Amino acid sequence: MNHKKTPKNRNPLDLADIDDCLSEEEKAVRSSVRGLLSQHVDPYVGEWFENGELPGVRDLAKKFGEMGLLGMHLEGYGCAGMSAVDYGLACMELEASDSGIRSLVSVQGSLAMFGIWRWGTEEHKQQWLPQMATGEAIGCFGLTEPDHGSDPSGMRTFAKKNGGDWVLNGRKMWITNSPIADVAVVWAQTQESGNDSNGIRGFCVPTDTPGFAAPEITRKGSLRASSTGEIVLDDVRLPENAVFPEAHGLKGPLSCLNEARYGILWGTMGAARSAYQTALEYAGQREQFGRPISGFQLIQAKLANMVVEITLGTLLALHLGRRKDTVGLRPEQVSIGKVNNVAKALQVCRDARTILGGNGISYEFPIMRHMANLESVLTYEGTTEMHTLMIGEAVTGQAAFR
Ligand SMILES: Cc1cc2nc3c(=O)[nH]c(=O)nc-3n(C[C@H](O)[C@H](O)[C@H](O)COP(=O)(O)OP(=O)(O)OC[C@H]3O[C@@H](n4cnc5c(N)ncnc54)[C@H](O)[C@@H]3O)c2cc1C
């Protein structure tokens, strides 16, 4: 009996044939995004990362806009109105290229555009969403502060009522896209009169308003092909209607973060796939002890583990995507996806790195870049510890945050 199986029809990047769970339209979305990235991002992104810059980011944003990638899961105002699964598949391809490129699209669509779409006035939506969907305007989302990250409830950015206007003062830290943004969604403690806080509210802030500055944060070891900055608000005077009318407290920013976290749980599987594919190809060509290293059991164990984790993480992403498209997601369900998929993507990258031996640390290959990027992804949009506590609260009914 011949036990040797033919590799015909077997895709080592999708051993479980998850593609069979996708519609032809979904596969078409994925392949158009891949085509765009192969042409306009993949040949250059390694150099952008090494140089710590994203030159031509506005042209890139317009290309993404032409394809309908910006705010692609939102309805109306020039947005593509596609499904959560379509959006997830796009995030996976974007992050297979680079987490910084996925961050550009996530922050634009899921944080800034979603914030305006969900909480803004009709005027905010008409003014900003169509030009953000085409990539002509870039947005950012300012929640984190130098002294308030995981616990934003104590934020020290204040919006004080002055006559009919709001006057904003404070500082935001680690804000993706802020140095290049045209509009910022800024969350602040409000003071209607006196010094007592009237709660956290969101503001739509054109970045050319006097008193607004967004210095770039340099010397990053991660997400280097992404623009990250501060937001400094120094007596930024805004009209009364700059405030989001119905977002009171942290439910406003948290609703936006939930959207962006959903993109992350797909995206990380893209970074993992890229690292695994690199390791698989390398192992098939690299010979030691007179044979390709892919024939050694210890190498195969690593490759097998990678493909198992990518399969499980992708299935989880698809399951959550299908639920988001039908019944919706609860926050702890998104936390399960983020906690698992970021950790597993990092592990896949670490194992892939070892398969390349010394070459594994070289920027000739994308693995170290993905690994460094994933360290930011582990931390932003809620750290792994915060998401673990959310899952803990969901299963025990007890909050252990403080
Ligand atoms: C590249 C990059 C881009 C970013 N982009 C944005 C953006 O666009 N907009 C934005 O608003 N923010 C952004 N962030 C900020 C990010 O969301 C915060 O860094 C994150 O929320 C963590 O906050 P922190 O850095 O202040 O860490 P801290 O909150 O100080 O946490 C430090 C450590 O303590 C742990 N910790 C804190 N509290 C507890 C607890 N109760 N129990 C156990 N452990 C705890 C944390 O998990 C972490 O490990 C970005 C960050 C990075 C690195």
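Rule-based calculations on the coordinates, nothing more; no lab input. Computed from a predicted structure; not experimentally measured. Cβ placement follows ideal geometry from the backbone for every residue including glycine, while neighbour counts extend to all protein chains displayed.
Gap in Å between the Cα centre of the range 154-209 and the Cα centre of the range 319-356?
32 Å
What is the order of Val105, Val57, fewest Cβ neighbours within 10 Å to most? Please report the intermediate quantities before stating the final value.
Details: Val105 25, Val57 20.
Ordered by Cβ neighbours within 10 Å, fewest first: Val57, Val105.
May I ask you to derive the relative contact order of the chain, considering only C-alpha pairs under 8 Å and at least 6 residues apart, and to give it as an integer percent? Each step should come with its number before you reach the end.
Working: 735 pairs, mean separation 68.9, N = 402.
In percent, rounded to a whole number, it is 17.
Cα to Cα, under 16 Å, and not fewer than 8 places away if on the same chain: which lysines meet these conditions relative to Lys338?
Lys324
Hey, which lysines would be in cross-link range of Lys161, C-alpha to C-alpha under 21 Å, not counting anything within fewer than 8 residues on its own chain?
Leaving aside lysines fewer than 8 places away in the same chain, those within reach of Lys161 are Lys172.
Would you mind calculating the relative contact order of the range 27-83 from Cα pairs under 8 angstrom and at least 6 residues apart, reporting the percent as a whole number?
17 percent
Per the Kirkwood treatment, what hydrodynamic radius in Å, one decimal, follows for the range 252-396 from the mean inverse distance over all distinct Cα pairs? Mind showing how you got there, number by number?
Working: mean 1/r = 0.0623 Å⁻¹.
Answer for the range 252-396: a Kirkwood hydrodynamic radius of 16.1 Å.
In what order do His40, His248 fall by count of nearby beta-carbon atoms within 10 Å, going from fewest to most?
Working: His40 17, His248 14.
So the residues, fewest neighbours to most, are His248, His40.
Using the count of nearby Cβ atoms within 10 Å as a rough guide to exposure, how do Met92, Met173 rank from fewest to most? Walk me through the numbers on the way to the answer.
On the way: Met92 25, Met173 18.
Fewest-to-most ranking of Met92, Met173: Met173, Met92.
Can you list, bin by bin at 10 Å, the percent of alpha carbon pairs in the chain, starting at 0?
5, 23, 31, 24, 11, 4, 1, 0, 0
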